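Written below as structure tokens is the structure these notes are about.
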2 protein chains.
Amino acid sequence: MRGWEKNVRRPAPYVPGEQPKEKNIIKLNTNENPYPPAPGVREALRTMDPADFRKYPDPAAGLLVEAIAADRGFSPEEVFVGVGSDDVLAMAFLTFFNSSKPILFPDITYSFYDVWAELFHIPYECQPLDPDFRIRKEDYRKENGGIVFPNPNAPTGLLLPLEEVEEIIRENQDCVVIVDEAYIDFGGRSAAELIPRYENLLVVQTFSKSRSMAGMRIGYALGNRELIRCLNDVKYSFNSYTMNEAALRLGKAAVEDRAYFRDTCEKIISTREKAKRRLTELGFDFPDSMANFLFARHRTCPAETLFQALREAGIYVRYFKKPRISDYLRITVGTEEEMERLFAFLESYLSADSEREEKR
Amino acid sequence: MRGWEKNVRRPAPYVPGEQPKEKNIIKLNTNENPYPPAPGVREALRTMDPADFRKYPDPAAGLLVEAIAADRGFSPEEVFVGVGSDDVLAMAFLTFFNSSKPILFPDITYSFYDVWAELFHIPYECQPLDPDFRIRKEDYRKENGGIVFPNPNAPTGLLLPLEEVEEIIRENQDCVVIVDEAYIDFGGRSAAELIPRYENLLVVQTFSKSRSMAGMRIGYALGNRELIRCLNDVKYSFNSYTMNEAALRLGKAAVEDRAYFRDTCEKIISTREKAKRRLTELGFDFPDSMANFLFARHRTCPAETLFQALREAGIYVRYFKKPRISDYLRITVGTEEEMERLFAFLESYLSADSEREEKR
């Protein structure tokens, strides 16, 4: 080992979801929106003047913060923005989770929670989902230094009813509860309406899914002014300029077209519900997802086998080789056409597969 | 105090440099480039398709990494990119500074080094500049867990000759030495040429100054493959997608126009050298800056008084009310016209000021 290497941080290796460069791939592996951003984004792009790029962006991200506040019916002082919800969540962990008591989150959940906890030396304790992959609100009644969970949860897609979310928040007013709503726009009811009643509630959302802007890296948090002020203080203290000029302007344009947003979400919900029926016919079962993906396992064909077969056919889905979920595939809801191609492949592959089974 | 507040991180308050919204301000306070980005950036902006934004960007930032590698004569495996050099530096602190021995940096220097050290629980020890604000290479000969310094230093603008930079790197091969070259393109010689000889050397640069792209938040590091691999491992482990699609494409366009880059740097250097002569005539002295700013104090007029008077005249410069440097103003080198307006104001203000003095 070379001298300098002894002081190097060695994280557990992580490989981000594939972004294949070939065309003609059906990409159902990273929960992206299959539709383009709102038409206003194109217009905002066309009117941007590159001469403005020479200056630092507004560190308060005013343009974007105000657009989000107006859309969500909050004041700008109740909105914090970051480089994707990953940046917002990491900043919230750093700002609010400084207790010696463990923070709580589900055992099967978004894979970055334990990473950030370890990064910032935050003790944590995972709460197991029930056998049907449900969050049990009772598990969040113990002493803790903070709580975070996605709603709908990932990668299950299951939605915790707002009453149960509220119960968790109400029973933990001595700590900050973060509700990570990356997928809430596909059929859930946001906890944002509870913000006026609970000052310990931070709701985190993203432009990556329902707003078709994964490529622009925009996430945000809603919470009472005091929480948001704390987040901004921490952010300013060590990296003042995170949102680039393009993200500010294009994000504003994306959020301003409410009709397009609603239509896109409705299309995805409708495709998802159709997909549930088709997958059932094809021999899959799955939790009743309220997100833009399905978490499905097949009655007979192993998930890893299916994952490989789909990949060879140019259809990318996600497979997690992890305890409790290794029988499942996470399939993003694409366009109607993409889903039809998926079903056609599955139908032919699975019938050939069951013939192979019978011959054995 | 409310319950949840006891676990909140409370950083020292920090106010980022002002970004005034009024027009007609002469903005010499944040070391931005007074010229627009390369013409190719406009073209890249015009040909971007917003439909691409629905997908996550390439987490490896391939487009941009390859363009920087080609420009600098390195291989893509020797280049790491981040959201401004602040992000790159913070990631480098986190990756390489994990010793129980203190890291070393100058006492008067970039103001985020101690912030990141505290954030990541890294012990540190500041080495005082000499009375002429010079870094003394002898101070970096003691036991340490890593070294970081800007070259040219900020806010002094002083350049450490490459031989002395090399001596610091050579004598510390058991730790990583970060040379933060945000301002190197305005007359300095980069330590990048030493990378093939020293595997403990990381050179950090930015698009915010010499490339006129502060608004796009692009920074990068050059170093041997092993160092860059470590940086990427840490980055991927907790935030895979940091560079948005616009930064990747526009950054590539900015780096590809070498002639424009050279011309812009030469114009700024020429304006700076003229400014040195004019400021001397006006009664200022200053370290001999090799950056795109001057760090100047006036023979008689206090810096804070001048700062306020300039501000009222719509000319923004930077004033740091800190030990050892409270007599100085940091003045960014603007266009020739902006500098003429600065000198005209100073000439009239200072002559009125000395009349006021004489009457007393």
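The values are calculated or read from the model by the stated rules, or taken from the named source; none is laboratory data. Since the structure is predicted, the reported quantities are computational estimates derived from the model, not experimental observations. Here the Cβ is made from the backbone with ideal geometry for all residues, glycine too, and neighbour counts use every protein chain on show.
With the requirement that a residue be within 30 Å of A:ILE103 (Cβ to Cβ) and more than 20 Å from the chain's Cα centre (by Cα), what does region B:8-53 give you?
B:VAL8, B:ARG9, B:ARG10, B:PRO11, B:ALA12, B:PRO13
I'd like to know if region B:194-207 contains one or more residues that are closer than 17 Å to B:PRO152 by Cβ and in contact with a Pro (Cβ under 8 Å, 6 or more places away or on another chain).
No - not one qualifying residue is present in region B:194-207.
Quick one: which residue in B:PHE105, B:PHE97, B:PHE80 is in contact (Cβ under 8 Å) with a residue 60 or more places away in the chain and under 20 Å from B:ASN172 (Cβ atoms)?
B:PHE97 is the lone residue from the list that is in contact (Cβ under 8 Å) with a residue 60 or more places away in the chain and under 20 Å from B:ASN172 (Cβ atoms).
Where in region A:73-187 are there helices (runs of 4 or more DSSP H), lying wholly inside it, with at least 3 residues that are out of contact with any Asp or Glu (no Cβ under 6 Å at 6 or more places or on another chain) and away from every other protein chain (no Cβ under 12 Å)?
Output list reads A:162-170.
Looking at region A:223-257 only, could you name the residues that are assigned to a loop (DSSP other than H, G, I, E, B) and free of Cβ contacts under 8 Å to residues at least 24 places away in the same chain?
Scanning region A:223-257 gives a single hit, A:ASN239.
Given the conditions (1) surrounded by fewer than 24 Cβ atoms within 10 Å (Cβ to Cβ); (2) hydroxyl-bearing (Ser, Thr, Tyr); (3) under 29 Å from B:GLU273 (Cα atoms), report the number of the one that B:THR206 does not fulfil.
(1)
Restrict the check to region B:202-210 and report whether at least one residue is polar (S, T, N, Q), at the interface with chain A (Cβ under 8 Å from one of its Cβ atoms) and in contact (Cβ under 8 Å) with a residue 60 or more places away in the chain.
There is at least one residue in region B:202-210 that is polar (S, T, N, Q), at the interface with chain A (Cβ under 8 Å from one of its Cβ atoms) and in contact (Cβ under 8 Å) with a residue 60 or more places away in the chain.
Quick check on region A:137-166: of everything there that is of a type in the set (Lys, Arg) and in contact with a helix residue (DSSP H, G or I) (Cβ under 9 Å, 6 or more places away or on another chain), which residue is surrounded by the fewest Cβ atoms within 10 Å (Cβ to Cβ)?
Looking at the filtered set, the residue picked out is A:ARG141.
When you scan region B:54-65, do you find a residue that is in a helix (DSSP H, G or I), more than 9 Å from every other protein chain (Cβ to nearest Cβ), under 21 Å from the mean Cα position of the chain (by Cα) and β-branched (Val, Ile, Thr), even just one?
Yes; the residues of region B:54-65 include at least one that is in a helix (DSSP H, G or I), more than 9 Å from every other protein chain (Cβ to nearest Cβ), under 21 Å from the mean Cα position of the chain (by Cα) and β-branched (Val, Ile, Thr).
Working carefully through the options A:GLU125, A:GLU118, find the one that is surrounded by fewer than 18 Cβ atoms within 10 Å (Cβ to Cβ), over 18 Å from A:LEU294 (Cα atoms) and at pLDDT 95 or above.
Residue meeting the stated conditions: A:GLU125.
For region A:212-222, state whether one or more residues are more than 30 Å from B:ALA246 (Cα to Cα) and touching a residue at least 12 places away in the same chain (Cβ under 8 Å).
No, because not a single residue in region A:212-222 is more than 30 Å from B:ALA246 (Cα to Cα) and touching a residue at least 12 places away in the same chain (Cβ under 8 Å).
Collect the residues in region A:16-42 that are more than 7 Å from chain B (Cβ to nearest Cβ), outside any loop (DSSP other than H, G, I, E, B) and either in contact with a Pro (Cβ under 9 Å, 6 or more places away or on another chain) or free of Cβ contacts under 8 Å to residues at least 24 places away in the same chain (or both), keeping them in residue-number order.
A:LYS27, A:PRO39
Sort out which residues of region B:284-313 are surrounded by fewer than 15 Cβ atoms within 10 Å (Cβ to Cβ), in a loop (DSSP other than H, G, I, E, B) and in contact with a strand residue (DSSP E or B) (Cβ under 9 Å, 6 or more places away or on another chain), and write them in order of number.
The one that is surrounded by fewer than 15 Cβ atoms within 10 Å (Cβ to Cβ), in a loop (DSSP other than H, G, I, E, B) and in contact with a strand residue (DSSP E or B) (Cβ under 9 Å, 6 or more places away or on another chain): B:ARG299.
Step by step: first the residues of region A:11-27, then only those that are more than 14 Å from A:GLY215 (Cβ to Cβ) and in contact with an Asp or Glu (Cβ under 7 Å, 6 or more places away or on another chain), then the one that is surrounded by the most Cβ atoms within 10 Å (Cβ to Cβ). Which residue is that?
A:ILE26
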